Amino acid sequence: MPRSDRAAASWILFLVPTSIWGTTWLTIKFQLGTVAPEVSVVYRFALAAVVLFAWCAAQGLRLRYDLRSHVELAAMGVLQFGLNYVLVYVSERQLTSGLVAVAYALIVVWNLAGARVFFGTPARPAMLVGAALGLAGVTLMFWPEVARVGEAAGRGFGLAAALLGSVFASAGNLWSQRLYRRGLTVAPSTAWAMAYASAAVALSCALRGIPFSFEATAAYVSSLAYLVLFGSVIAFLSYLTLLRRVGAGPAGYSAAVIPVVAMVTSTLFEGYRWTALALAGMALVVLGNVLVMGRPAHSRPPSSRSPGSGAPRPPSSRGNR
């Protein structure tokens, strides 16, 4: 393929998951009706797991793992797709989708700290500066919300849920990084993790007496289909293909763009009002993510394996929804 065509294909592969994941934050809002957030999470990842299993089978990817791997994949699923997403849905009941997306930009901060503590991975000075800028940016954007915590019931709870959710998302990223280093393949392991997450959340709902209702409206069904097919499958597979083509560093720049897309959609559809403080905070978040995801000079793109056929390590700051 000519270089210009490869460059165009890479841009498409970058824009597809970035635009999808940037809009899934708003799409989640259409799931917040009569169906409990936990139940919506069950539906989403049970269906996404089925689709991913089917895709892996069609690609001839190995789906069998030993008992130890299944236990570890269950832990990954509970963190990454269970607790994390339940808290996303809960927080969006109180906050605009764009602000929740910005809160999840803190994943880069938690990932740096976790990688240092659990893997002994040193952070470059630019990464530390980027993490500090990201933290400052999120603080600036949320400062009006913090100042008005007492004015609206549940606002403080929504903010706490978003921040705690970002911690669980980071824990899931770090745990998945550990599994990929052991050689587990990405797409099949994600399918299993999604399946275990949906099962764990479903069990929690059953034990807590949360009814498995379903909202047979166009808004709920179409948003669920979008989150399953686009947010959980198409964007994921596009991102893996991009990762194979250009490597983890360039692909990881999606982490800087996704909050911007989320805030734009929130502005257009939720009436989010920008202030000078918010604009400054957004600029710091983007700059911080760019610095954190900077590609080391010695890094090289992965070999030309098909997505999921080897064990590429995704960027540790995945904040997709």
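Accessible surface of R124, taken over heavy atoms with a 1.4 Å probe and every protein chain present, rounds to 80 Å².
Our estimate of slack between R64 and A283, defined as 0.36 nm per intervening residue step minus the Cα-Cα distance, is 74.4 nm.
You can think of it this way: the chain between R178 and L203 has 6.4 nm of extra reach, that is 0.36 nm per residue less the Cα-Cα gap. Looking at the square roots a ≥ b ≥ c of the eigenvalues of the Cα gyration tensor of region 94-253, which shape do they give, rounded for a/c under 1.5, prolate if a/b is larger than b/c, or oblate? Oblate shape, in that a/c is at least 1.5 and b/c is the bigger or equal ratio.
For the pair region 1-59 / region 71-116, the C-alpha centres are spaced 16 Å from each other.
Run through region 25-116 and list the chymotrypsin sites (Phe, Trp or Tyr not before Pro) located in a DSSP loop whose Cβ has at most 15 other Cβ atoms within 10 Å.
none
Rounded, prolate or oblate for region 37-136? Axes are the square roots of the Cα gyration tensor eigenvalues, ordered a ≥ b ≥ c, and the cut-off for rounded is a/c under 1.5. Note, shape of region 37-136 comes out oblate. P(r) for region 8-68, from all Cα pairs and a bin width of 5 Å, is 4, 13, 13, 16, 21, 15, 12, 6, 0 %, short bins first.
On the beta carbon distance between L128 and A7, with R0 = 30 Å, the FRET formula returns roughly 0.40.
The values are calculated or read from the model by the stated rules, or taken from the named source; none is laboratory data. Please read these numbers as outputs of a predicted model, since none were measured by experiment. Note that each Cβ is placed from the backbone with ideal geometry, even for glycine, and that neighbours are counted across all protein chains shown. Heavy atoms of the whole protein, side chains included, go into the accessibility calculation; ligands, DNA and RNA do not. Shrake-Rupley method; radii C 1.70, N 1.55, O 1.52, S 1.80 Å.
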